[in-house]
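The values are calculated or read from the model by the stated rules, or taken from the named source; none is laboratory data. Everything numeric here is computed off the predicted structure, so don't read it as measured data. Positions of Cβ are backbone-derived with ideal geometry, glycine not excepted, and every protein chain shown enters the neighbour counts. Calculation scope for accessible area: heavy atoms of the full protein, side chains included, ligands and nucleic acids excluded. Shrake-Rupley method; radii C 1.70, N 1.55, O 1.52, S 1.80 Å.
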Amino acid sequence: MSPTCRMELVCPAGTPAALRTAVEAGADSVYCGFNDATNARNFPGLNSSREELGAGIAYAHARGARVLVAINTFPRAGAAALWQQAVDDAARLGADAVILADLGLLAYAAKRQPQLRRHLSVQAAAANADAVRFYAETFDVKRVVLPRVLTVQEIAAINAEIPCETEVFVFGGLCVMAEGRCSLSSYATGRSPNMHGVCSPASHVRYREEGGALVSQLGDFTIDTVSAGTSAPYPTLCKGCFAAGGYRGHVFEDAVSLDAATYLGELAGAGVTALKIEGRQRSRAYTRAVVESFRRAVDAQAAGRPIAAGELRRLTEGQAVTVGAYRKAWR
């Protein structure tokens, strides 16, 4: 792909209202999920009923946008019918694609809903050309969402060898685990982000004051301690502060967000088809601000104009940003 090709902007829609906001703000596609364990953002107050999603698809289509339905958790033993029904319902409601991770569910979708376009979720962790080709050739997957562990050069190498599209993340939260393989939250809370769709569920989060400090906990684990009057980040184990080997701080990952706006030209040159914004748990105000900013950035990149950088810093974790693995200086 030429560095001046216009890439597809794929935007989060955690609620029916957020779907409308993302479309109004300039999304080419939105991704969303049903309000059950079939998607990886299964939190109270998020996602859509079947009726709501049907209305959302009609709204998006009337305005030239596409709807991708995330059915990207792994079916639990003895409960696969819930995930299979989600695939059938997405097809019935007119979704433009489903985003799947599980091999069995991919096989089901390919057999039962062959007309429904299939995308491979980042949860599947397909991080090399052989893995991507397997999904494309076995299940006719049309697009693969690549894990957030690859450099631009590695993405280009994969695209040179595969028969399908690639989609990469350009803004939002970062996860330090190999995609689809997180066990930290399930260890602390008994709820798996990969099977139940919940990472660090709010029902297990507690805050308490101790010795003039604010202590945050997830389950029985203390995640952070901050001075009184200081805002505490949401307690997730991967971004907690711990003491290890004489060091105290963010042992696994800093509280920082991905912002790859300045890498759009390089990603286009690497053959990327679509750019993904993370944030289905965020507010409509966040959705509108981020989508509008990246709409301007994508249009500027396609037209060969300079891209403004740093305008979304106020919406990031800790007001700090990184380009993540796209520039993997630590290797």
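Across region 206-276, the mean sequence separation of Cα contacts (distance under 8 Å, 6 or more residues apart), normalised by length, yields a relative contact order of 16 percent. Straight-line cross-link partners of Lys111 among the aspartates and glutamates, defined as a Cα under 16 Å from its Cα and at least 8 positions apart when in the same chain: Asp88, Asp89, Asp102, Glu137, Asp140. Short-range pairs are left out: with C-alpha atoms under 8 Å and at least six residues apart, the relative contact order of the chain is 22 percent.
Modelled spin labels at Arg76 and Val251, positioned 7 Å past Cα toward Cβ, are 2.9 nm from each other. Couplings for region 104-112, taken from phi via the Karplus curve 6.51 cos²θ - 1.76 cosθ + 1.60 with θ = phi - 60°, read x, 6, 4, 5, 4, 5, 5, 7, 8 Hz in order; Gly and Pro are left as x. Net charge dipole, the chain: roughly 260 debye, given to the nearest 20, about the Cα centre with Cβ charges of +1 for Lys and Arg and -1 for Asp and Glu. In loop segments of region 152-216 as defined by DSSP, the GluC sites (Glu not before Pro) with at most 14 further C-beta atoms inside 10 Å of their C-beta are Glu161. A Cβ-based charge dipole, computed about the Cα centre of region 22-102 with Lys and Arg at +1 and Asp and Glu at -1, lands at about 60 debye. Our coupling estimate for region 47-52, obtained by passing each phi through the Karplus curve with A = 6.51, B = -1.76, C = 1.60 and θ = phi - 60°, is 6, 9, 6, 4, 5, 5 Hz, Gly and Pro reported as x. Please say if region 88-210 is rounded, prolate or oblate, where rounded means a/c under 1.5 for a ≥ b ≥ c the square roots of the C-alpha gyration tensor eigenvalues, and otherwise the choice is prolate for a/b larger than b/c and oblate otherwise? Here region 88-210 falls in the oblate category.
Inter-label distance, Asp88 to Ala232: 4.6 nm, where each label sits 7 Å from its Cα along the C-beta direction. Taking a ≥ b ≥ c as the square roots of the Cα gyration tensor eigenvalues, region 4-140 comes out oblate, since a/c reaches at least 1.5 and a/b does not exceed b/c. Seen from Gln115, the other residues with C-beta closer than 14 Å to its C-beta sum to a net charge of +3, counting Lys and Arg as +1 and Asp and Glu as -1. Shape analysis of the chain yields a ratio of the Cα radius of gyration to the Kirkwood radius, Rg/Rh, of 0.96. With contacts taken as Cα pairs under 8 Å and at least 6 residues apart, region 203-331 reaches a relative contact order of 18 percent. By the rule of a C-alpha distance below 16 Å, with chain neighbours fewer than 8 residues away ignored, the aspartates and glutamates paired with Lys328 are Glu154, Glu253, Asp254, Asp259, Glu266.
Under 5 Å from the amide H of Thr166 lie the amide H atoms of Val144, Thr273, Ala274, each residue being 5 or more positions distant or on a separate chain, with H modelled from the backbone and absent for Pro and chain starts. Does region 66-125 classify as rounded, prolate or oblate by the C-alpha gyration tensor (a ≥ b ≥ c root eigenvalues; a/c under 1.5 gives rounded; else a/b over b/c gives prolate, otherwise oblate)? Verdict is oblate for region 66-125.
Output the peptides 5-12, 184-191 sorted from most to least packed, where packing is the average of other Cβ atoms within 10 Å over each peptide's residues.
Highest to lowest by the protection proxy: 5-12, 184-191.
For region 118-125, 3J(HN,Hα) computed residue by residue from phi via the Karplus equation (6.51, -1.76, 1.60; θ = phi - 60°) reads 10, 10, 8, 5, 4, 4, 6, 6 Hz, glycine and proline entered as x. In this structure the chain gives 43 Å² per residue of accessible area when probed at 1.4 Å with all protein chains present.
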